[in-house]
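Working notes for the structure below.
Computed from the coordinates by the stated procedures, all read-outs in this text should not be read as laboratory data. As the structure is a prediction and not an experimental result, all values here were calculated from the model. Neighbour counts run over all protein chains shown; Cβ positions are idealised from the backbone, glycine included.
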Amino acid sequence: MIKVMIERYIAEDLASHYLQLANSTLQTAMAAQGFISGESLQDVNNPNHRIIFANFRTLDHWLNWYQSPERKELLSSLRPLLISDEKIIIMEHI
């Protein structure tokens, strides 16, 4: 299993729009092959700083989702709400 950490910073006053699109992204990801679970966290000191953790069975499963037309389409809707590109870190248990 791999754990993917996605860090995002939302532009001021766009959190409600972001939440709507992020929920759609999670719903779509749940149907992706190899998806195990996901969670979304908000920084207690900065409500516009979000971390998403997604667990996939393998790196290939994650890469298939990451490169999928569905994710690319959803991300194109999310990008205008962010103040910077998302940062992705892929981790595995040791």
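Given all pairs of different Cα atoms, what value in angstroms does the Kirkwood hydrodynamic radius of the chain take?
Values: mean 1/r = 0.0739 Å⁻¹.
Over the chain, the inverse of the mean reciprocal pair distance is 13.5 Å.
When Lys and Arg each count +1 and Asp and Glu each count -1, what net charge do the other residues less than 12 Å away from Arg50, Cβ to Cβ, add up to? Walk me through the numbers on the way to the answer.
Values: positive: Arg8, Lys87; negative: Glu7, Glu39, Asp43, Glu86.
With Lys, Arg at +1 and Asp, Glu at -1, the net is -2.
Residue farthest toward the positive end of the dipole of the range 2-92, with Cβ of Lys/Arg at +1 and Asp/Glu at -1: which of Leu26, Ser40, Ser77?
Leu26
Give me the one-decimal nm value for the distance between modelled label points at Ile51 and Ile89, 7 Å along each residue's Cα-to-Cβ direction.
0.8
For the chain, what does -39500 (n - 2.57) per DSSP helix run (n ≥ 4), summed and divided by total residues, give at 222 nm, in deg cm²/dmol to the nearest 500?
Per the formula, -11000 deg cm²/dmol.
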